[in-house]
Amino acid sequence: MSIAELQSYGYIVALVFLSVALYAYIYHLYVQRKDSDGHDYEDYSNMALKDDITDTPVSEKSKKK
Amino acid sequence: MEDRPLEYDYSVTRLFLIFAIFLGITGMLVGVLLAWQMAYPGVNTFLGEGLAEYTNFSRLRPLHTNAIIYGFVLSSVWASWYYVGQRVLKVSMAESKTLMILGKVHFWLYFGAAFVIVVSLLAGVTTSKEYSEFEWPLDLGITVIWLLWGCGIAGLIAIRREKTLYISIWYYIATFLAVAMLHLFNNLEIPTYFASGGVGAWYHSVSMYAGTNDALVQWWFGHNAVAFVLTTPIIAMIYYFLPKESGQAIYSYKLSLLSFWGLMFVYLWAGGHHLLYSTVPDWVQTMGSVFSVILILPSWGSAINMLLTMKGEWQQVAASPLIKFMILGSTFYMFSTLEGPIQAIKSVNAIAHFTDWIVGHVHDGALGWVGFMVIAAIYHMAPRLFKREIYSKSLMATQFWIQTLGIVLYFTSMWIAGITQGMMWRAHDQFGNLAYSFIDTVTVLHPYYTIRAVGGTLYLIGFIMFAYNIYKTTTARPVEESELQNASPMGA
Ligand code: HEM
Ligand code: HEM
C-alpha cells in the first residue's frame, strides 16, 4: 500500500469515527435529560441569569478548605 | 477585610474596555481612510508627498487589520472575559492577589505591545504574512501576553464556586488554546541577523516555511484566526450577554453544547477554501470546500439558539436598542456563515476569489457580527462598571440605525463590485482574447468604492457616538444594584 492510499484510509476512518462520536454525543444529550450529577442540562442556563456573587451556584464546588 | 461584603472586581475589565474603544476608533479611522483611498487615489498623499510613505494604502492596510482584530476585538474580548469569567464562576478577582496582579500585568504588557506594534507597522517593519505581520521580538512578547491570560483563566477556574463551567467559559478556553497553537506554528521563523552572524537588521526574520507549505500553514492559521478571534470569543460573549440583558434563559443549553463541539470539529479543516485553484493538493481543496459547507450547521446552531432565546419576547427587541444590536449581530452571523460556504464552492470561488466580494464578506461578518456584539457587550457592562445608567437611549438607537445603514451600503456595494470584477476579468471573445483590460474594471468600480467609503464613514460616525455615550455614562445618574439585574438602565 502506498502512503497516499494509507492516508486516504486513515482519513475515512477518522471521519467515520468522529462523525459517530459526534452523533453518539447528540444522542446521549437528547436521551439523557440530566448529566451524571443529576442536574437537568437546561438548569445550567441559570449560571448566566443568577450570577451575583451571593447567588447559590447551580452545582456547588465541594468546599474543602 | 471581612466586614465589607464580597464584590466582583472590575478594575482590569475597565482598563481593557477603555482601551478597546480607543483602538476601535483608531482602527476604523484607518479603515475609512483606506476606503477613500481606493475611491480617490489622491487621498494616499493627504499629508503631502513628504509623508506619503506613512499615509499610503499599503503601509496603512496592515495597521487597519491589526489594530482592529488584535486591538479592538481582542481588547474587548479580554474586557468581557474579566467580567463574565468572574460572574459565571461566582468568584471575585479580589479574592486572589495573584490573579489581580496577573490581570494588571496582562493589560499593561498588552498596552505596551500595542504601542510598539503601531510604530513598527507605520515604519514598515513586517514579515509580510497576512494577519501575522509582526517580527520575532514582538511574536515572543505576544506569546508572553497570551500565556498570562491563560494563567488568569486557569487561576480563576481553580478558585471558582460554581462547579460546572458555563458554555461561555468553554468558548473562552477554546479561544485561548487554539490561538496559542496557531500563533506558535505560523510564526516559526529564523532571525536572520543571528543565524547569519550579523547581517541585516536584528529584528528581521524569515519564515521556516516556503512555497506551498507556507501557503498551507498560513491559511490553516488565517482561517482559524477568523474562527478563534472573530467567532468563538464573540459567541462566548453573546451566550452571556443576551440571556442576561433580556432575562431569558438560553433557548436550549443542549444545543449550545452540541454547536460547540460541532464548531470545534469542523472549523479546523476548512482553511483550504482560501487556497482553491492554487498549488496545494487537490484533496486539501476538496476537503476545505466540503467542511466549509458543513460549517453552516454548527454556526446556525448557535445563531438560531440566540434568536429562539427571544421567543415570545420580541417586544424587547423593539423596545431596547441594546438587544437590537445583539439580535442583528446574530442575524449577520447567520448571513456571513451562509455567504462563506457559498464562496467556498469551487465554481463560485472561481468568480469570487481576489475580488471585492471577499472584502464584502469579511465586513458583513466584522461590522455586523463582531462589531455589533462588542458594542452590545460594552453597553451592557458599562452601567455595571460605573454603577450608573447608560447616558442616552435615543443616542444609542440613532447609532444603531446609522451603523446598520453603513453596513448595508458597505456589503451591497462590495457584492456588486466583486461580481462585476469577477465577471469582467474572465470575459473573453470566441478566440479566447480577454474582453477587458484591468483599467476597465477600475473605471467601472469607482462608484461602488465611493459608496463603500460612505458606508464605512457612517459606521465610524456611529462608533464615535458610541464612545461619547460611554464617556458620558461615567458621569450619568447613579443607579441602585437592583436596577442592574437584567435590562440595563438607560437615560432618555
Ligand atoms: C461558515 C462560515 C464561513 C465560511 C465557510 C467562510 C468562507 C470563506 C471563504 C470561502 C473566503 C474566501 C477565500 C478566498 O477566496 O480568498 C473567506 C474569506 C474571509 N472570511 Fe469567511 N467564512 C465564514 C465565516 C466568516 C466569519 C463569521 C468571519 C468573521 C468576521 C469571516 C471572515 C473572513 C475573512 C477575514 C476573510 C478574508 C481572508 C483574507 O483573504 O484575507 N468569515 N471566508
Ligand atoms: C469603519 C469601518 C471599516 C472600514 C471603512 C473598513 C475598510 C476596509 C478596507 C478599505 C479594507 C481593504 C480592502 C482591500 O484591500 O480591498 C479593509 C480590509 C480589512 N478589514 Fe476593514 N474596515 C472597517 C472595519 C473593520 C472591522 C470592524 C474589522 C474586523 C472586526 C475589519 C477587518 C478587516 C479585514 C480582516 C480586512 C482584510 C480583508 C481581506 O484581506 O480580504 N474591518 N477594511
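Of note:
- Taking the stretch B:119-133 as the range and being away from ligand 2 (no atom under 16 Å from the Cβ) and either part of a helix (DSSP H, G or I) or touching a helix residue (DSSP H, G or I) at 6+ places or on another chain (Cβ under 7 Å) (or both) as the test, the residues that pass are B:V119, B:S120, B:L122, B:G124.
- Among the candidates B:Q285, B:Q218, the residue that is touching an Asp or Glu at 6+ places or on another chain (Cβ under 9 Å), assigned to a helix (DSSP H, G or I) and within 16 Å of ligand 1 (Cβ to nearest atom) is uniquely B:Q218.
- Just one of the listed residues (B:T286, B:T309) is over 21 Å from the mean Cα position of the chain (by Cα), more than 16 Å from ligand 2 (Cβ to nearest atom) and at pLDDT below 90, namely B:T286.
- Pairs, first more than 30 Å from B:T279 (Cβ to Cβ) in the stretch B:219-240, second within 10 Å of ligand 1 (Cβ to nearest atom) and part of a helix (DSSP H, G or I), C-beta under 6 Å, six or more apart: B:I234/B:V370
- Meets criteria (small (G, A, S), open to solvent by less than 10 Å² (accessible area, probe 1.4 Å) and touching a Ser or Thr at 6+ places or on another chain (Cβ under 9 Å)) for B:A225: no
- Restricting attention to the stretch B:27-54, the residues being more than 9 Å from ligand 2 (Cβ to nearest atom) and assigned to a helix (DSSP H, G or I) number 12.
- Tallying residues that are open to solvent by less than 10 Å² (accessible area, probe 1.4 Å), at the interface with chain A (Cβ under 9 Å from one of its Cβ atoms) and among the polar types (S, T, N, Q) within the stretch B:238-265 yields 1.
- Residue match in the stretch B:354-363 (condition: on the phi > 0 side of the Ramachandran plot, outside any helix (DSSP H, G or I) and open to solvent by 10 Å² or more (accessible area, probe 1.4 Å)): yes
- Here B:K104 meets the list (1) open to solvent by less than 40 Å² (accessible area, probe 1.4 Å); (2) basic (K, R); (3) modelled with pLDDT of 95 or more almost entirely, failing just condition (1).
- Lone unmet requirement of (1) in contact with a Ser or Thr (Cβ under 6 Å, 6 or more places away or on another chain); (2) within 13 Å of ligand 2 (Cβ to nearest atom); (3) without any contact (Cβ under 8 Å) to a residue 60 or more places away in the chain for B:Y410: (1)
- Single residue of the stretch A:1-60 satisfying the filter (aromatic (F, W, Y) and under 18 Å from B:L165 (Cβ atoms)) that is surrounded by the fewest Cβ atoms within 10 Å (Cβ to Cβ): A:Y25
- Only a single item in (1) part of a helix (DSSP H, G or I); (2) more than 7 Å from chain B (Cβ to nearest Cβ); (3) under 30 Å from B:A377 (Cα atoms); (4) not polar (S, T, N, Q) is not met by A:M47, and it is number (2).
- Candidates B:I235, B:I296, B:I250, B:I323: the one that is within 16 Å of ligand 2 (Cβ to nearest atom) and within 24 Å of the chain's Cα centre (by Cα) is B:I235.
- Counted residues, the stretch B:308-332 - those being without any contact (Cβ under 8 Å) to a residue 40 or more places away in the chain and within 16 Å of ligand 1 (Cβ to nearest atom): 1
- Filter result (in contact (Cβ under 8 Å) with a residue 12 or more places away in the chain, within 16 Å of ligand 1 (Cβ to nearest atom) and open to solvent by 30 Å² or more (accessible area, probe 1.4 Å)) within the stretch B:30-67: B:M38, B:F57, B:R61, B:H64
- One residue stands out in the stretch B:166-181 among those that are closer than 28 Å to A:D55 by Cα and open to solvent by 40 Å² or more (accessible area, probe 1.4 Å): the one that is nearest to the other protein chains (Cβ to nearest Cβ), namely B:W170.
- Condition check for B:S278: more than 9 Å from every other protein chain (Cβ to nearest Cβ) and surrounded by fewer than 20 Cβ atoms within 10 Å (Cβ to Cβ): yes
- Tabulated pairs, the stretch B:356-380, first more than 9 Å from ligand 1 (Cβ to nearest atom), second β-branched (V, I, T) and not in a helix (DSSP H, G or I), C-beta under 8 angstrom, 6+ apart or interchain: B:Y379/B:I390
- Odd one out for B:I304 among (1) within 11 Å of ligand 1 (Cβ to nearest atom); (2) farther than 20 Å from B:F221 by Cβ; (3) more than 14 Å from chain A (Cβ to nearest Cβ): (1)
- B:F386 being more than 11 Å from ligand 1 (Cβ to nearest atom), on the phi < 0 side of the Ramachandran plot, away from chain A (no Cβ under 14 Å) and in contact with a Leu (Cβ under 9 Å, 6 or more places away or on another chain): no
- Residue count for the stretch B:126-144, restricted to those that are more than 16 Å from ligand 1 (Cβ to nearest atom) and either within 14 Å of chain A (Cβ to nearest Cβ) or crowded, with 18+ Cβ neighbours inside 10 Å (or both): 6
- Screening A:Y41, A:Y25, A:Y11 for residues that are in contact with a strand residue (DSSP E or B) (Cβ under 8 Å, 6 or more places away or on another chain) and either facing chain B (nearest Cβ under 7 Å) or within 30 Å of B:L295 (Cβ to Cβ) (or both) leaves exactly one candidate, A:Y41.
- Residue satisfying all of: in the stretch A:1-54; hydroxyl-bearing (S, T, Y) and more than 24 Å from B:Y239 (Cβ to Cβ); farthest from the chain's Cα centre (by Cα) among these: A:S2
- Among residues of the stretch B:82-93 that are more than 10 Å from chain A (Cβ to nearest Cβ), those with a Cβ under 6 angstrom from a residue that is hydrophobic (A, V, I, L, M, F, W, C), sequence gap 6+ or separate chain, pair up as B:Y82/B:V12; B:Y83/B:M381; B:G85/B:L156; B:M93/B:L99; B:M93/B:M100.
- Residue match in the stretch B:37-47 (condition: away from chain A (no Cβ under 14 Å) and at positive phi): no
The values are calculated or read from the model by the stated rules, or taken from the named source; none is laboratory data. For clarity, every value in this text was computed on a predicted model and none was experimentally measured. Every residue, glycine as well, gets a Cβ built from its backbone with ideal geometry; the counts of neighbours run over all protein chains shown. Accessible surface areas use protein heavy atoms only, side chains included; no ligands, DNA or RNA. Shrake-Rupley method; radii C 1.70, N 1.55, O 1.52, S 1.80 Å.
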